[in-house]
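Asks: For reference, the structure I am asking about is given below.
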Amino acid sequence: MRAREKSIEFLKWMVEQYSPSHHEHAFSRALAGQLERRGWRAHTDEVGNTIASLGEGDTCIALLGHIDTVPGEVPVRIEDGRLFGRGTVDAKGAIGAFIEAVELLEESERAGKKFLLLGCVEEEVAITRGAFHVRERYRPDFVINGEPSGAHAVTIGYKGLVRAELEYRASRRHTASREYRAAAEHVVESWNQLRADCDAWNRERPLFEQNLPSLTSFQTGATDTEEWARASVNIRTGPSSDGERLLALLGGVPGVTVNALSNKGAVSTDGNDALSRMFKRVIRERGARPTLRLKTGTSDWNTVAAAWQVPTLAYGPGDSSLDHTPHEHIGLDEYEEGVAVLARVLALLPTKPLG
């Protein structure tokens with residue numbers, strides 16, 4: 001492995017390129033250009049993803065990350081050994097670590113391997129269009145999803161997500177009419193049924209197995225002839241949850257229509273696959289105790305899992321509690337440690353997946 005001179009400049013350049021969801025294309029083109037100059041084959045695809053590869057081997061190692069961020073700029077600066085800026089943690093830090101780790105490898109360590117960088121758009125919004133696009137076009141042998149886990153931890157699971165909009169519409173009636181029920185009451189009944197079902201399901205189940213519903217918006221209104229109520233609902237689901245059943249439950253109140261926006265299953269590994277074992281080995285080599293994390297959010301791993309049934313986990317330097325916050329930052333030493341761990345893992349991964 002090549003010696004590395006510690007530097008945060010490449011990550012700082014990436015963070016300086018503001019790229020909130022739906023506005024990533026300028027950064028995607030700039031990143032592809034940077035990678036071409038660094039020796040990668042790189043381009044932007046039809047939806048704006050940055051696609052780059054290094055190496056020609058038969059074993060494909062996908063470095064799956066996202067180049068979009070949530071809105072809201074954080075002034076980019078280096079203070080007290082920390083780089084501040086939107087995306088330092090979520091998740092340009094992981095993208096930068098991927099790139100710099102691959103570039104540290106000697107030719108002998110790259111032999112037989114193809115490193116495929118997939119910098120996806122729109123991970124921070126409901127549809128995850130970038131990941132849907134790449135999952136149909138590539139078939140990797142290993143997948144490392146670039147999300148903050150901490151340099152000495154790996155994420156071995158994400159909860160699923162059911163997201164839906166509820167609506168009830170009815171002709172206007174006088175509120176004093178016999179058996180009148182406001183439109184809002186029908187939608188509230190649908191929510192209450194879901195809440196009661198989740199409470200029963202969650203009893204005596206650990207957090208990662210639970211269904212966690214949230215009512216994220218509620219509106220009512222009327223025209224001259226009609227009244228209506230709408231609500232948005234998210235449900236964080238566990239590995240054994242049935243998203244279709246939950247959607248059907250929401251639509252069980254007569255007259256309430258359900259528009260399903262997302263139904264992603266939970267993903268997880270037991271931490272004993274070839275990729276997980278390699279990360280644990282390398283973290284121990286560096287004198288630390290590896291931590292295995294289960295997260296209640298979602299990632300692009302949820303989108304690609306059914307199509308890419310290969311060893312997969314999420315890894316990236318940085319503290320995920322800083323995601324989306326106005327003081328998002330990463331420690332320079334933390335970033336360097338993440339690069340070092342990744343480089344060692346990529347060097348040691350076998351050219352054929354282990355059983």
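Asks: Given 170, 151, which one is more than 25 Å from the chain's Cα centre (by Cα) and among the small types (Gly, Ala, Ser)? Give the steps one after another, and end with the answer.
Replies: Numbers: 151 fails: more than 25 Å from the chain's Cα centre (by Cα).
After applying the criteria, what remains is 170.
Asks: Going through the range 246-279 one residue at a time, which ones are open to solvent by less than 30 Å² (accessible area, probe 1.4 Å) and in a helix (DSSP H, G or I)?
Replies: 246, 247, 250, 274, 275, 276, 278, 279
Asks: Those residues that are more than 25 Å from residue 347 (Cα to Cα), touching a residue at least 40 places away in the same chain (Cβ under 8 Å) and outside any loop (DSSP other than H, G, I, E, B), I need them from the range 26-66; list them, please.
Replies: Once the filter is applied, which keeps residues that are more than 25 Å from residue 347 (Cα to Cα), touching a residue at least 40 places away in the same chain (Cβ under 8 Å) and outside any loop (DSSP other than H, G, I, E, B), the range 26-66 yields 27, 28.
Asks: Only one residue in 230, 203, 236 is of a type in the set (Lys, Arg), closer than 23 Å to residue 159 by Cα, modelled with pLDDT of 95 or more and surrounded by 15 or more Cβ atoms within 10 Å (Cβ to Cβ). Which one? Step through it out loud before you land on a result.
Replies: Details: 230 fails: closer than 23 Å to residue 159 by Cα; 203 fails: surrounded by 15 or more Cβ atoms within 10 Å (Cβ to Cβ).
After ruling out the rest, the residue left standing is 236.
Every residue, every condition in (1) modelled with pLDDT under 95; (2) of a type outside the set (Ser, Thr, Tyr); (3) assigned to a loop (DSSP other than H, G, I, E, B); (4) in contact with a His (Cβ under 9 Å, 6 or more places away or on another chain), yes or no:
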| site | (1), (2), (3), (4) |
| --- | --- |
| 308 | no, yes, yes, no |
| 318 | no, yes, yes, yes |
| 321 | no, no, no, no |
| 325 | no, no, yes, no |
| 330 | no, yes, no, no |
| 339 | no, yes, no, no |
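Asks: Looking at (1) on the phi > 0 side of the Ramachandran plot; (2) at pLDDT 95 or above, find the lone condition where residue 128 falls short.
Replies: For residue 128, the exception is condition (2).
Asks: Give me the pairs: first residue in the range 67-94 and aromatic (Phe, Trp, Tyr), second residue part of a loop (DSSP other than H, G, I, E, B), beta-carbon distance under 8 Å, and six or more apart or on different chains, which are they?
Replies: 84/74; 84/75; 84/76; 84/327; 84/328
Asks: Only one of these is out of contact with any Leu (no Cβ under 8 Å at 6 or more places or on another chain), small (Gly, Ala, Ser) and in contact (Cβ under 8 Å) with a residue 60 or more places away in the chain: 177, 241, 190. Name it. Break it down stepwise before answering.
Replies: On the way: 177 fails: in contact (Cβ under 8 Å) with a residue 60 or more places away in the chain; 190 fails: out of contact with any Leu (no Cβ under 8 Å at 6 or more places or on another chain).
Matching residue, one of 177, 241, 190: 241.
Asks: Here's a follow-up. Residues of the range 302-337 being under 22 Å from residue 351 (Cα atoms), surrounded by 20 or more Cβ atoms within 10 Å (Cβ to Cβ) and not hydroxyl-bearing (Ser, Thr, Tyr), which ones? Give the steps one after another, and end with the answer.
Replies: Kept after step one, since they are under 22 Å from residue 351 (Cα atoms), are these residues of the range 302-337: 304-305, 307-315.
So of that shortlist, the ones also surrounded by 20 or more Cβ atoms within 10 Å (Cβ to Cβ) come out as 304-305, 308, 311-315.
304, 305, 308, 311, 313, 314 - these are the residues of the range 302-337 that are under 22 Å from residue 351 (Cα atoms), surrounded by 20 or more Cβ atoms within 10 Å (Cβ to Cβ) and not hydroxyl-bearing (Ser, Thr, Tyr).
The values are calculated or read from the model by the stated rules, or taken from the named source; none is laboratory data. All of these numbers come straight from a predicted model, not from anything done at the bench. For neighbour counting, all protein chains shown are included, and Cβ atoms are generated from backbone atoms with ideal geometry for every residue, glycine included. Please note that ligands, DNA and RNA were not included when accessible areas were found on the heavy atoms of the full protein model with its side chains. Shrake-Rupley method; radii C 1.70, N 1.55, O 1.52, S 1.80 Å.
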